[in-house]
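The structure appears right after this line, and notes come after that.
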Amino acid sequence: MPDPEARRWVGKRYKRKEDLRLLIGEGKFVDDIQLPKMKHAAIIRSPYPHALIKNIDTTQAEKLPGVRGILTGQDVKEMSKPFPCGVPIPPKYYSCAVDKVRYVGEPVAVVVADSRYIAEDALDLIQVDYEPLPVVMDIEEAAEPDAPVLHDNIGSNIYSHRLMQYGEPAKAFEEADLLVKGKFLFPKYGSTPIETYAVVASYNPVNQEFVIYNNYQGPFVNHSLVALALGIPENKMRWIVPTDIGGGFGTKTGVFPYIALIALASKKTGMTVKWIEDRREHLLASATGTDRVTYMEAAVKRDGTILALKDKAMDNTGGYIRAPEPGCAYRSTGNHTGAYQIRHLDREVMVVGTNKCLTSPNRGYTCQELYFSVERLVDMVAAQLGMDPAEIRFKNFIQPDQFPYTTATGGIYDAGNYQKAFQKALDIVDYPKWRQEQEKARQQGRYIGIGIATIVDPSVTNIAYVTTALTPEQRAKGHPKSGSGESMTIKMDPLGQVHVIACTNPQGQGHETVISQIVADELGIDPDGITVSNVVDTHDRVYTITTGSYSSRFASVGTNALVNATRKLKDKLFKIAAHLLEVSPDELVLENQKFHVKDQPEKSIAVRHVAGTAHWHQTALPEGMDVGLFASSLITMPTSKPPDELDRVDSSNTYGFCCEVIVVEIDPETCEIKFHKWASMHDSGTVLNPMILEGQVMGSITHGLGGALYEEFAYDENGQCLTASFQDYLCPTSMEVPDIDIGHVETPSPFTALGSKGAGEASCESVPVAVANAIADALAPLGVVINELPLTPSKIWHLIKEAKAKQA
Amino acid sequence: MQLKGKYEFNGTQQQVWDLFTNPESLAQAMPGCQELRETGPGKYDALMKIGIAAVKGTYTGKFEIADPDPPNRYQLIGEGSGSPGFVKGTTDIQLTGSNDKTIVTYQGEVQVGGLIAGVGQRMISGIAKMMLNQFFKKMKKELKASGSAGS
C-alpha cells in the first residue's frame, strides 16, 4: 500500500465529474434513448390480489387505431419459461401472470402502440374476467397448513425453510443466567429511486437477437436469468445500460422480469418497444424489501455477556419468489451476530409468500431487519440487567486486536475499532449529559429518550451465500458458487492520456470521479484529464456474473480491480521506459510525468514518449511484449469462498462499522418526534472522497429515517395496496431530516488495495432500530413495548394510551 | 369500508318501496349512471361514469335486489369494474313507515380494488358519503315527481 500521506487526490474533496451533465439535463438515461420506429408499451395490471384469470378479451383494444399488438399471459407462457430461482421448488414465475394473479399490480397484458397515450387508452378497452380467490396477507398465517395456497406446484406458501446451528447454542442457553426474548415486526418498505424502471427492447428476426436498453444496476446474474427464461443463448441478448441511472438501492434488481416482458412484446409485434414505468406502477408493483417477523432470544450472563442467540425469522417475498431471493434470509449470514463476540447461534429461517407485491434487496438488504431485532434485544437485555445500553455494547464488542475476526457464522471481519468509533459518537452527543437531562425531563413528565445502535455493515456480497438456502447435502449435489469479481480496464493513448473502462454501472455513486482520483494518484497525473466510460454493454464489455454496483462493492472490489489494472499498466510503462533508457525498471523513478534514473534526473523520458512508442514504434518495445498500452483486471476477493459443511460463509467480503446515538423527545400531545441530538459515526476504512461519502451517508440516514418513522407499503385485509402514491407512501424530505453530526473513523481494510470499503448502506441498517430504541427509551417509564415500525405519531399515541390504561 | 345511515322520505312505505325497486328511478338517481338494463327479475346491468379524486373511469357492473321482503327490506348487491379497478358491496335497505313518512336505513360493506384502492382510499369514505347524499337527494326528488304525477 502506498503511503497515504503521498496521496494527492484520494481522500480529497474533489468535485464530482458527473454533476455538470446531470445539473444541466445532459445525463443519459434509458428514457433518452430514441430509436427509429420505436413504439410504446403500457401494462394492464391486476386489481385483485388473488384471482383466476377466466378470460382476456382484447378485440376492442386491437381495433383502436395506433395499436400494434397485445401480449397476454398466454403468449408469455408459449414464448418463454419461468425464471429459475434458488429454492428447492421454485414457483412458476413468468414475466406476466398466466392463468392466475397473485398480487395487486401483477402484469396481465401488454399493449404496444404508436404512443404511450394510445397504449394507455387501449388498456381501458381490454376486458379481463377474474374469479377472486381467498387471500393471505399475514406472514405467520401464510405458513399455516390451512392457509390459501398461492402455488399448487409447491403445495404450501413456504418457499424456503432451514434450520442452522452455529457453535453450541443449546449448551450456551443452559449456561445462561438470564434469557431475554422478543417478537419483532419489520414493515414492507423500499426505495423510491427518482428514475423508475425503464426498458427499450428490439428483436431482430434475421439473427434472432435481442438488443435491450435497460437501467439494471447489475449484477449480470440477471442477464443469465432472462436468457434462460427467453430460451436463448446469452450471446443472443445484448444489454446496454446508459451512463446514468437515477438511483438503484436494490430496487432496480426487479426490472429483470420487465426486460423479458418487453423483449417478448417486441418479438411478438415485430416492433422496437419502449416502456417507462410510471410512479404509480413503481409504488404498486415494482419491488420492495421484505417484511419480516422475528422471534429472537438471547442467552446472557449476569455481567452482560451475551453468550448466544436464538433467531426464528420469517420473510415475506410476496406472490412469488424470484432472484436474488431467498437472499433476504441468507445474505446476512456472516454478520448475523453483529458487532459482538457471540459464538453460538440457533437459526430458523423461513421465507413465505403472501398476496403482496414482490421483493428485491433494499439498501442494506435485510440487515435493517436483522439489526432491528438484534439491537432492540440488546437494549432489552440491558434493561433487564439494569445496565446502561452503551455499557452492554462495550462489554460485548469484538476487540480491536481480534481483527481479522471470524464470526460464529463464518464472516471474516477485515478491520475495525468499534470502541473508538462508538466512544466518539457518545462524546459528540455528550451522552452523560443527556442521561441527566432525561432524568430531569422524566420528573417533569416529558419523554426524552436516547437511542443507540452499533452495527456491522457488510459490503461486497460473495455470491456463495445464496447457496446456504440449500442444505449442505443439497449443495454437495449441485454446482458450487463463490466469488465477488469486478472488472476494470485502463488504457493510455499515444499522447499519454488515460481512459478507464469500468463496468460498474453506478446509479449516482460518483464512480467516474473516484476512479479519476485513484488513477491520478497511481500514475501521478491530473484527475481532470482522465476520462471514464461506464456504459455497460454485455457485448462490448468484459465482466463476470457478479459485476455491477450493488452491495456497496465499488470501494472494495471495484478499487481492487482498478488499482490492480492501473499498476499493471504502470508496470508496463516502467518496462518500456527502462528498455528505452537501457536500464532496469527498478532503477527508474516516475515523477512529474517523466521517468528518470534514480539520482540522474537528466537521464529521463517523458511518459507521453513512452506511450507514443508503444503505439507508433512497436518494434522498439522489449522483445515479447504486447504492443499498445492497456491493462485489465478481473479479480475477486480472496475470502469469497463457498459455504463450508457447517453452513459458515463469508457472505460479504468487507465489513464496515456504523453507530448512531440519537436523542429524541416525544411530544406527549401530538406524539411528534423531535431530534435533540444525533451522531452518526462510520468506519468504512480509508475515505476515498469525503464529499461523496457525506452524500452517501446522508442519503442512507434519510432512507433509514423513512423506515423508522414513515415508510410502509400498507395493504388492507383484502389485499389491496393502500400506498400507490406519494400521498400515502411517505418519504422523508429535507423538512423531516434533522441536523446530524456525521463522523468517520478510518481503520484501513487489509483486504483492499487502498484500505477502503463500502459505506452507502450502513445507516440504512442502523437508523430504523436506533430511532426505535430512542422512542422505547423515552417511553420506558410507561412500560411501552416497541417492536414494530414505522413509528408513526398515531402508533405512538395508541401505545402511550394503552400503557397508561394498564398502569391506571 | 362500512357504510351506514338513514334518510327520511315524505311518502308511505309502499310508495318508497316502489321507488326503491324501480330501475328507472334508481338509474336517474345513481350518480354517474349512464345506463341501467334489467336482465332478469331484480337483476340489472349498469354502466357508470365515476370520478374519485384523480381516478376517473367507466365501470360496468351488475346490481341485484336480493331477498326482497316487500315493503320492508331488501338487500342490494352490486359489483362493478373498470380501468381504475373494481367496487363491490352488499347493503341492507330497510324501510320503516309511520303515517306519511318513511325512514330508509342502509347498512352495508363496500370493497374497492385496484387503482381506486391504491390512490383513492383515503378519500373514498368521504366520497362514498357524498355520492350517497346525492343519490338520496335525487330519490327524494323522484318521489316528489312521482307523487305530483300521481295526484
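I want to check the label-to-label distance for residue A:727 and residue A:806. Put each point 7 Å from Cα in the C-beta direction and report it in nm to one decimal.
3.7
Just to confirm my numbers, what's the Cα centroid distance between segment A:34-52 and segment A:430-456 in Å?
Each part reduced to its Cα centre gives a spacing of 52 Å.
Relative to the longest principal Cα axis of chain B, at what angle does helix B:115-150 sit, 0 to 90 degrees, rounded to 10?
Tilt relative to chain B: about 20 degrees.
Given the -39500 (n - 2.57) contribution per DSSP H run of 4+ residues, what per-residue ellipticity at 222 nm results for chain A, rounded to the nearest 500 deg cm²/dmol?
It lands at -8500 deg cm²/dmol.
Skipping prolines and chain starts, which residues have an amide H placed within reach, meaning under 5 Å, of the one on residue A:756, given they are 5 or more residues away or on another chain?
A:686, A:749
Taking only the Cα atoms of segment A:458-543, how large is their convex hull per residue, in Å³? Mind dumping the intermediate values first?
Working: hull volume 12.4 nm³, N = 86.
Convex hull of Cα atoms, per residue: 144 Å³.
I want to check the label-to-label distance for residue A:78 and residue A:782. Put each point 7 Å from Cα in the C-beta direction and report it in nm to one decimal.
Spacing of the two 7 Å Cα→Cβ label points: 6.2 nm.
At a Förster radius of 51 Å, what calculated FRET efficiency corresponds to the Cβ-Cβ distance of residue A:694 and residue B:72, to the nearest 0.05? Mind dumping the intermediate values first?
Working: r = 72 Å, r/R0 = 1.41.
Result of the calculation: an efficiency of 0.10.
What ranking do A:347, A:238, A:279 get, fewest neighbouring Cβ atoms within 10 angstrom at the top?
In increasing order of surrounding Cβ atoms, one gets A:279, A:238, A:347.
Could you please rank A:615, A:344, placing first whichever residue has the fewest other Cβ atoms within 10 Å of its Cβ? Provide the component values of the computation, followed by the final result.
Working: A:615 14, A:344 22.
Exposure proxy ranking, most exposed first: A:615, A:344.
Between residue A:499 and residue A:479, with labels modelled 7 Å along Cα→Cβ, what's the label distance in nm to one decimal, could you check?
Going from the residue A:499 label point to the residue A:479 one covers 3.4 nm.
If each residue's Cβ is checked for other Cβ atoms within 10 Å, how do A:479, A:596 rank with the fewest at the top?
On the way: A:479 6, A:596 21.
So the ranking, lowest neighbour count to highest, is A:479, A:596.
Rg/Rh for chain A: what does it come to with C-alpha atoms and Rh from Kirkwood?
On the way: Rg = 27.6 Å, Rh = 27.9 Å.
Taking Rh as the inverse mean 1/r over Cα pairs, Rg/Rh reads 0.99.
Go ahead and run the numbers for FRET between residue A:206 and residue A:35, Cβ-Cβ distance against an R0 of 22 Å, rounding to 0.05.
0.85
What residues have an amide H closer than 5 Å to that of residue A:292, excluding those fewer than 5 places away on the same chain, when H is modeled at 1.01 Å from N in the peptide plane?
A:186
Is it possible to state the helix-based mean residue ellipticity at 222 nm for chain B, with each DSSP H run of 4+ residues giving -39500 (n - 2.57), the sum divided by total residues, to the nearest 500 deg cm²/dmol? What is it?
On the way: 3 runs with 51 residues, N = 151.
Theoretical 222 nm ellipticity from helices: -11500 deg cm²/dmol.
Provide the percentage of antiparallel DSSP beta bridges, counting only those with both residues in the protein assembly as shown; round to the nearest 5. Present the calculation step by step, with values, prior to reporting the outcome.
Working: 162 of 187 bridges.
Among the beta bridges of the protein assembly as shown, antiparallel pairing accounts for roughly 85 percent.
Quick one, what does Rg over Rh come out to for segment A:56-155 if you take C-alpha atoms and the Kirkwood Rh?
Values: Rg = 16.5 Å, Rh = 15.6 Å.
Here the Rg-to-Rh quotient is 1.06.
So which of B:56/B:88; A:440/A:804; A:188/A:804 end up more than 22 Å apart by C-alpha? Walk me through the numbers on the way to the answer.
Details: B:56/B:88 17 Å; A:440/A:804 20 Å; A:188/A:804 29 Å.
Over 22 Å apart, Cα to Cα: A:188/A:804.
Run the numbers for residue A:674 and residue A:178: contour at 0.36 nm per residue of separation, minus the present Cα-Cα distance, in nm. Intermediate results must be reported in sequence, preceding the final value.
Details: separation 496, 0.36 × 496 = 178.56 nm, distance 3.47 nm.
Additional length available on full extension: 175.1 nm.
For segment B:2-146, report the translational diffusion coefficient in µm²/s to the nearest whole number, using Stokes-Einstein at 25 °C, 0.890 mPa s, and a Kirkwood Rh over Cα pairs. It would help to have the intermediate numbers written out before the result.
On the way: Rh = 15.5 Å.
For these conditions, the coefficient is 158 µm²/s.
We did not get these values from a lab; they are worked out from the coordinates using the rules stated. The model shown is predicted, which means the values in this text are computed figures rather than measured ones. Please note: Cβ atoms are built from the backbone with ideal geometry, for glycine as well, and neighbour counts cover all protein chains shown.
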